[in-house]
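As structure tokens, the structure follows; a few thoughts come after it.
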Amino acid sequence: MTVPAQIDPADDSGQSFYEKHKKIYPQSVHGTFRRIKWIVLIVTLGIYYFTPFIRWDRGPGAPDQAVLIDLPARRFYFFFIEIWPQEIYYLTGLLILAALVLFLMNAVAGRVWCGYLCPQTVWTDLFLLIERWTEGDRRERMHNDAGKLTPQLAARKTLKHFLWLMTAWWTGGAWVLYFSDAPTLVHDLATLQAPFIAYLWIGILTFTTYALAGHMREQVCLYMCPWPRIQAALTDEYALNVTYRLDRGEPRMSAKKATAALARGEPAGDCVDCHQCVAVCPTGVDIREGPNLGCIQCGLCIDACDTVMERLDRPTRLIAYDTDINIGERLAGKSTMARIVRPRTLLYSALILIVGAVMAWSLSARSISSVNVIHDRNPEYVVLSDGGIRNAYTVRILNKRTTPRTFAISVDGLTDPVVEVTAANPADGEQIVPVGADQTREVRVIVSVPEPPAAASVPVTFVVTDTADGETATVTDNFRGPGDGT
Amino acid sequence: MADSEHNEPRLDPVTGYKTTGHDWDGIEELNHPLPRWWLWIFYACIAWSVVYWFIFPAWPLVWSATGGLIGWNSRTAVDQEVAALETNRGPMIDRLTSTEIAAIKDDPELLDFTRAYGSIAFKENCAPCHGAGGGGSKGYPNLIDDDWLWGGSIDNIGHTIAYGVRNDNADSRYSEMPAFGRDGLLSGAEIREVVYYVRSLAELPVPSSADLTAGAEIYARDCASCHGEAGTGDQELGAPNLTDAIWLYGSDTADMIATVTNARNSSMPAWGERLDPTTVKALTFYVHNLGGGD
């Protein structure tokens, strides 16, 4: 039953249960996809590092930072949008949108997120740039690491780690700026007057950025990230993946041998087995082995292979965004085309449009005041001495303006109701509640009727009216009673 | 075959991976090695757990446990949090102490604080009898309605809370209804007649055979001194209004006969003896606001 062990005594890779980290030395590369990745890197990091400094005038008494998460005041500001804790469902909507966009990207072209947009990829690219600038390209780094540590090399390595730590520090620094007024906080940080929590968070993010982008790199994608596992289950055979077109590439052989083989009338593939695709790969995989968990589909091997193909005057895109189905079709002598419009992509696009439209509509339709009501549950109602019925409610009024306002409360849906806000100062017989600027106010409202309603539960509407400009907000609840119809 | 055997690793021809050499009844395991740094993190966690033993309370001794090097424990943490709370709300408590109860509603911040503070004190001390929402139950007055045995003004409510009802405190609210039946003051038939008469005062159904004239005579002689000629009660004496729709002990004929026969005379503690004056003030404000008082 057991096949005799065919283990090469020199190969100890299968002997241990723990794998020693094999350092990867990605080589620099030029081409279309590298250029796209640089642009994405500049745009995304630019947005991340500089957004906290954008100002946005919201009038007196309100913060003028365009994007601000104000935890003590429990507000989230995004340009013209101000989100209250009661509206946290916008965050849920945003997360649903993000997930759907991720699924759509995955259905169209596999791990686009991993290869171009993931912070791990973007920061690793930036750290690799620093590494190449201080220690040289792949060959030089491999040569240096294999040799002795000379003072000159030590200086270059020290410079690299210093630059890495500075980048990581600024990454953490930008993070905390989203939670406080950025110019003030920068000043306080520089003069060592910022709160301890700011330094702590900068420290944590400096450490994680330095460790993840400088040292962990592809280990994060291989061992720590859940997305590759989920992605594999969500994708289908029509999604465009970075694919080695083996129908064109095999049998691989050097250019000289290929010329000879073709002269003899034997088949020869376009792949010259130069290993450039492996050398540039940030995760160290060989794309020619087929779909691979380690492949983040960044397309750098496409650029590397195209460079070689151009030099050999062979057609480019031996490695390209393609599918295994297309390879099979070509091997069978059929023509191929990318199938981007499929039920799956149409479904995701439709869901994105629906969720986005619902969110845009609810954002534009929301009012600048609102009211919530909680009915007293114990007791639901009480009988008054004249046989009337009284219900008590807790009413919370939200004033989303930056100026104080006063609201009048009334109740619709009952016969001869007496509405009383306890501990209020009624003016002209109206129930008036002042609410401070950008605040909520909770009041107890007692509603009494002289005659018990016929039904045990009568729908009522609380109407809250701004006494200055007449803007109203309403909420419905019920008025409970014994329901014996007297 | 044994349960588990250790063989030499071999190459699996299907996957191209080597096996671990572990063999359970013919089931083998492919070796996908973990990264070694993962193993080091595991060792680091073990090392940290040893450090943890010394920093925090860990080892049980006979009567206590090791204290830990930094002296942290959950009991002192609670004490610190309580102390921090008292420091934190101290200024508001002081403001409540020095503010007249009638002036609280003019200070929105103090109003919100008093309401919250009173609500907590109510749930801790009053809710067992009067209900979490102040709705009461049979024998325990409802505090949301408009009927007050001892007066529903803010001062009256404050006095009732501070000194209680029918207890040993010298300033307690006090009155006692006689147990007319048990003590032989009225016969069973007389009790039934007076109960029918009282029901007629409250416009509750009465049997057509009832002798209301006899009931009225008994009422005028034995009840009117406290409950009033017209049965409207007297808040000075804590005598309930008998003409309204609210019946603390029930409005069934049987309940009312039981009340007249044995009397009720329930009591309430003097909360001023147990709680500080500021808490009593907050409770007074809170209870007055439950239904708006009188």
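The values are calculated or read from the model by the stated rules, or taken from the named source; none is laboratory data. These numbers come from a predicted model, not from an experiment. Cβ atoms come from the backbone with ideal geometry, glycine included; neighbour counts cover every protein chain shown.
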Counting only residues that are within 13 Å of another protein chain (Cβ to nearest Cβ) and of a type in the set (Val, Ile, Thr), which one in segment B:1-57 is nearest to A:Val220 (Cα to Cα)? B:Ile41
The strands (runs of 3 or more DSSP E) lying wholly within segment A:399-443 that contain at least 2 residues that are within 13 Å of another protein chain (Cβ to nearest Cβ) and modelled with pLDDT of 85 or more are A:418-421, A:432-435
What is the one condition in (1) more than 9 Å from chain A (Cβ to nearest Cβ); (2) surrounded by 13 or more Cβ atoms within 10 Å (Cβ to Cβ); (3) touching a residue at least 24 places away in the same chain (Cβ under 8 Å) that B:Thr99 does not satisfy? (3)
Tell me which residues, restricted to segment A:16-63, are over 26 Å from A:Cys281 (Cα atoms), modelled with pLDDT of 90 or more, among the charged types (D, E, K, R) and surrounded by 14 or more Cβ atoms within 10 Å (Cβ to Cβ). none
Number of positions in segment A:368-393 that are in contact with a strand residue (DSSP E or B) (Cβ under 7 Å, 6 or more places away or on another chain) and either among the aliphatic types (A, V, I, L, M) or at the interface with chain B (Cβ under 10 Å from one of its Cβ atoms) (or both): 14
Only unsatisfied item for B:Glu124, checking (1) within 11 Å of chain A (Cβ to nearest Cβ); (2) in a helix (DSSP H, G or I); (3) modelled with pLDDT of 90 or more, is (1)
Given the condition of a type in the set (Gly, Ala, Ser), within 14 Å of another protein chain (Cβ to nearest Cβ) and in contact (Cβ under 8 Å) with a residue 40 or more places away in the chain, answer yes or no: does some residue in segment B:274-290 qualify? yes
It is to be established whether one or more residues within segment B:203-214 are buried (at least 21 other Cβ atoms within 10 Å of the Cβ) and within 13 Å of chain A (Cβ to nearest Cβ). no
All but one of (1) within 14 Å of another protein chain (Cβ to nearest Cβ); (2) in contact (Cβ under 8 Å) with a residue 24 or more places away in the chain; (3) in a helix (DSSP H, G or I) hold for B:Leu111; which doesn't? (2)
Find all pairs meeting these conditions: Cβ atoms under 6 angstrom apart; at least six residues apart or on different chains; first residue within segment A:284-309 and assigned to a loop (DSSP other than H, G, I, E, B); second residue crowded, with 23+ Cβ neighbours inside 10 Å. A:Val285/A:Cys295; A:Ile296/A:Arg111; A:Ile296/A:Cys221; A:Gln297/A:Gly110; A:Gln297/A:Arg111; A:Gln297/A:Val242; A:Gly299/A:Val242
A:Ala279 vs. criteria surrounded by 15 or more Cβ atoms within 10 Å (Cβ to Cβ), farther than 29 Å from B:Pro33 by Cα and of a type outside the set (Asp, Glu): no
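Just for segment A:181-227: of the residues that are in contact (Cβ under 8 Å) with a residue 60 or more places away in the chain and not in a helix (DSSP H, G or I), which one is nearest to A:Ala66 (Cα to Cα)?
A:Asp181
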Screening A:Val395, A:Val373, A:Val383 for residues that are more than 30 Å from A:Ala73 (Cβ to Cβ) and surrounded by 14 or more Cβ atoms within 10 Å (Cβ to Cβ) leaves only A:Val383
